[in-house]
Amino acid sequence: MFWLALKAFLACLVLTPIFRDIFRSYGIVDQPDKRRKIHAHPIPRVGGIPIFISYAIALYPFNHTPVALANYLPLIQKLAPAATLIFATGLIDDLIGLKPWQKLIGQVGAAALAYWAGVRVLDVAGARAGVWWGLPLTLFWLIACTNAFNLVDGLDGLAAGMGLVATLTLLVAALLHGNPALASVSVPLVGALIGFLCYNFNPATVFLGDCGAMLIGFLLGCFGAVWTQKGDALISITVPLLALSIPLLDVSLAILRRFLRNQPIFSADRGHIHHRLIDRGLTVRRAVLVLYLVCATAAGFALLLTLPHAGRYFGLLSVAVCGLIWFAIRQLRYAEFGLASRLLFGGELQRTLGGQMRLERLAEEMGQVNDEEECWRLVTVAARDFGFDSIRLSLRGSMREQVVALDIGDSNECWSLRVPFGDHDYFELTRRFESGVLPMMVAPFLDTLRRALEQRLEEWGQEAVNQR
């Protein structure tokens with residue numbers, strides 16, 4: 001084990017500056033943009049190349065005995081094609097750029113190769129996954145891990161350091177439970193990442209790039225899947241989940257934030273966990289160290305679950321982890337989640353749904369009125385329901401006006417607007433600034449009322465033509 005790690009460490013320590021300087025001389029670098037990419041100078045994104053080569057060198061059987069070779073060679077043969085494909089996908093993206101769907105095709109292909117080779121998620125919390133569930137579950141797990149490390153690679157040494165902590169966690173778990181195959185394929189990654197961090201920790205002179213971040217995430221996903229095949233059924237998936245908790249949490253938050261903001265899921269932003277820590281005033285190095293500490297804490301929980309008789313404390317540990325995650329997310333102060341919380345638990349969602357149902361009922365009732373008196377009655381009732389204090393309606397040349405509220409107070413505390421419809425008609429509404437009655441439904445109400453009045457005018461006009 002030590003020899004495997006040492007070979008990977010020495011190879012990566014030597015190869016990293018060589019590839020860094022070669023790509024820098026050809027101008028293949030990552031340019032800073034002072035927004036998301038906050039590094040001061042152009043830096044090569046080729047860290048995945050020396051990591052990939054060092055990992056392969058370490059596992060190449062130069063002087064291994066047949067017994068030692070038999071421990072890990074079958075698993076290496078399973079992982080090699082899939083790992084090569086994911087590395088090639090990331091390298092092409094680093095060199096010429098790929099669209100998100102093109103990268104996703106490469107990731108799905110690599111995950112399918114790994115599944116075909118026997119790297120599968122078979123048990124989830126004691127539930128056996130059959131063929132029809134095992135395939136999509138394995139693909140989802142591997143693709144999630146791959147993209148998690150790709151997205152978290154935003155600060156010097158962050159993705160590589162998190163990968164190191166996660167790999168060490170799975171390595172120790174494999175050693176404790178007598179899984180030499182998993183230990184043998186994970187220990188070279190430990191050595192390679194330590195060697196790479198010598199150049200990648202702040203201030204970094206080389207970045208992982210997509211080829212490195214995706215490779216690390218994919219390999220760790222494969223290691224986690226292998227662990228589930230021989231771990232305790234109750235906690236089989238929990239250990240890799242905790243080992244990879246921060247990258248997986250970051251990608252989950254990114255997807256949820258972009259969904260709430262109605263943005264493309266694959267779009268880039270400055271809302272990742274490490275960005276939030278920077279915005280809270282931490283330096284790059286301190287932010288990375290804080291996340292290292294959090295990863296180490298999660299790793300500690302994961303290793304506790306691998307101890308004998310740990311299953312009896314599974315519920316308690318799960319509650320503690322969920323509580324820590326909830327506390328950490330609150331400290332990041334995401335505006336999207338605060339608004340969603342108010343919508344769900346502050347009554348805003350119910351009021352919005354109620355307002356939407358009133359709008360649908362208003363449109364239906366306005367479509368059935370036969371005269372101006374009934375139309376005016378519906379308009380005034382709707383104006384009152386949606387928090388307006390007065391309304392003036394010009395309909396087919398006749399003017400109607402009514403103060404809905406008893407006292408609208410000082411006119412300086414109100415705002416009003418006129419909405420035209422038809423050829424010469426309009427309605428004018430007045431509302432207090434501090435009115436709390438369905439403020440989010442004002443624009444939909446105006447739009448619904450305008451369309452309904454235009455439709456009634458058109459139908460009345462057509463009826464008048466037919467009568468002639």
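The values are calculated or read from the model by the stated rules, or taken from the named source; none is laboratory data. All figures in this text were calculated on a predicted structure; none of them were measured in a lab. Because the Cβ atoms are built from the backbone with ideal geometry, glycine has one as well, and the counts that use them run over all protein chains shown.
Report yes if some residue within the stretch 56-67 is more than 23 Å from LEU176 (Cα to Cα), surrounded by 15 or more Cβ atoms within 10 Å (Cβ to Cβ) and modelled with pLDDT of 80 or more; otherwise report no. Yes: the stretch 56-67 contains one or more residues that are more than 23 Å from LEU176 (Cα to Cα), surrounded by 15 or more Cβ atoms within 10 Å (Cβ to Cβ) and modelled with pLDDT of 80 or more.
Against the list (1) among the acidic types (Asp, Glu); (2) more than 18 Å from GLY355 (Cβ to Cβ); (3) at pLDDT 85 or above, the condition ASP389 fails is (2).
The residues in the stretch 228-266 that are over 10 Å from the mean Cα position of the chain (by Cα) and modelled with pLDDT under 85 can be counted, and the count is 21. Scanning the stretch 176-191 for residues that are farther than 21 Å from GLY48 by Cβ and in contact (Cβ under 8 Å) with a residue 24 or more places away in the chain yields a count of 8.
When the stretch 158-215 is filtered for residues that are hydrophobic (A, V, I, L, M, F, W, C), in contact with a strand residue (DSSP E or B) (Cβ under 7 Å, 6 or more places away or on another chain) and surrounded by fewer than 23 Cβ atoms within 10 Å (Cβ to Cβ), only ALA204 remains. Taken together, the residues in the stretch 68-102 that are modelled with pLDDT of 85 or more, closer than 26 Å to ALA181 by Cα and β-branched (Val, Ile, Thr) amount to 2.
Looking at (1) touching a Ser or Thr at 6+ places or on another chain (Cβ under 9 Å); (2) surrounded by 13 or more Cβ atoms within 10 Å (Cβ to Cβ), which one does GLY300 not meet, given that it meets all the others? Unmet condition: (2). Would you call VAL294 over 30 Å from ALA443 (Cβ atoms), modelled with pLDDT of 85 or more, in contact with a helix residue (DSSP H, G or I) (Cβ under 9 Å, 6 or more places away or on another chain) and surrounded by fewer than 16 Cβ atoms within 10 Å (Cβ to Cβ)? For VAL294, the condition - over 30 Å from ALA443 (Cβ atoms), modelled with pLDDT of 85 or more, in contact with a helix residue (DSSP H, G or I) (Cβ under 9 Å, 6 or more places away or on another chain) and surrounded by fewer than 16 Cβ atoms within 10 Å (Cβ to Cβ) - is not met. Among the residues examined, ASP423 qualifies as more than 19 Å from ARG377 (Cβ to Cβ), among the acidic types (Asp, Glu), modelled with pLDDT under 80 and in the same structural domain as SER394 (by TED's automatic domain parsing). Looking at the structure I just gave you, is GLY323 within 28 Å of ARG431 (Cα to Cα) and not aromatic (Phe, Trp, Tyr)? In short, no. VAL319 falls short of the stated requirement of being among the aliphatic types (A, V, I, L, M) and either surrounded by 15 or more Cβ atoms within 10 Å (Cβ to Cβ) or not assigned by TED's automatic domain parsing to the domain that holds GLY163 (or both).
Take the conditions surrounded by fewer than 19 Cβ atoms within 10 Å (Cβ to Cβ), at pLDDT below 80 and not β-branched (Val, Ile, Thr) and apply them to ASP279. Does it pass? No; evaluated as a whole, the condition is false for this residue.
Might you check whether a residue that is more than 20 Å from ALA254 (Cβ to Cβ), of a type in the set (Val, Ile, Thr) and modelled with pLDDT of 75 or more occurs anywhere in the stretch 323-345? No. Contact map, the stretch 418-437: first residue over 14 Å from SER390 (Cα atoms), second residue part of a strand (DSSP E or B) and modelled with pLDDT under 85, Cβ cut-off under 6 Å, separation 6 or more or different chains; pairs are ASP425/LEU395. For PHE140, the criteria (1) surrounded by fewer than 23 Cβ atoms within 10 Å (Cβ to Cβ); (2) touching a Phe, Trp or Tyr at 6+ places or on another chain (Cβ under 8 Å) hold in every case but one, which is (2). Across the stretch 363-383, the number of residues qualifying as assigned to a helix (DSSP H, G or I) and farther than 19 Å from SER394 by Cβ comes to 3.
For a quick check of your reading of the model, give me the residue pairs whose first member lies in the stretch 95-118 and is surrounded by 15 or more Cβ atoms within 10 Å (Cβ to Cβ), whose second is assigned to a loop (DSSP other than H, G, I, E, B) and of a type outside the set (Val, Ile, Thr), with beta-carbon atoms closer than 9 Å and at least 6 apart or on different chains. Going by the 9 Å Cβ cut-off, the qualifying pairs are LYS103/PHE266; LEU104/PHE266; GLY106/LEU98; ALA114/ARG120. When LEU289, LEU307 are checked against the criterion of being under 30 Å from ALA173 (Cα atoms), not aromatic (Phe, Trp, Tyr) and not in a helix (DSSP H, G or I), a single residue qualifies: LEU307. The residues of the stretch 349-379 that are farther than 15 Å from THR448 by Cβ, surrounded by 13 or more Cβ atoms within 10 Å (Cβ to Cβ) and either in contact with a strand residue (DSSP E or B) (Cβ under 8 Å, 6 or more places away or on another chain) or not assigned by TED's automatic domain parsing to the domain that holds ARG431 (or both), listed by number, are LEU349, ARG351, GLU372, TRP376.
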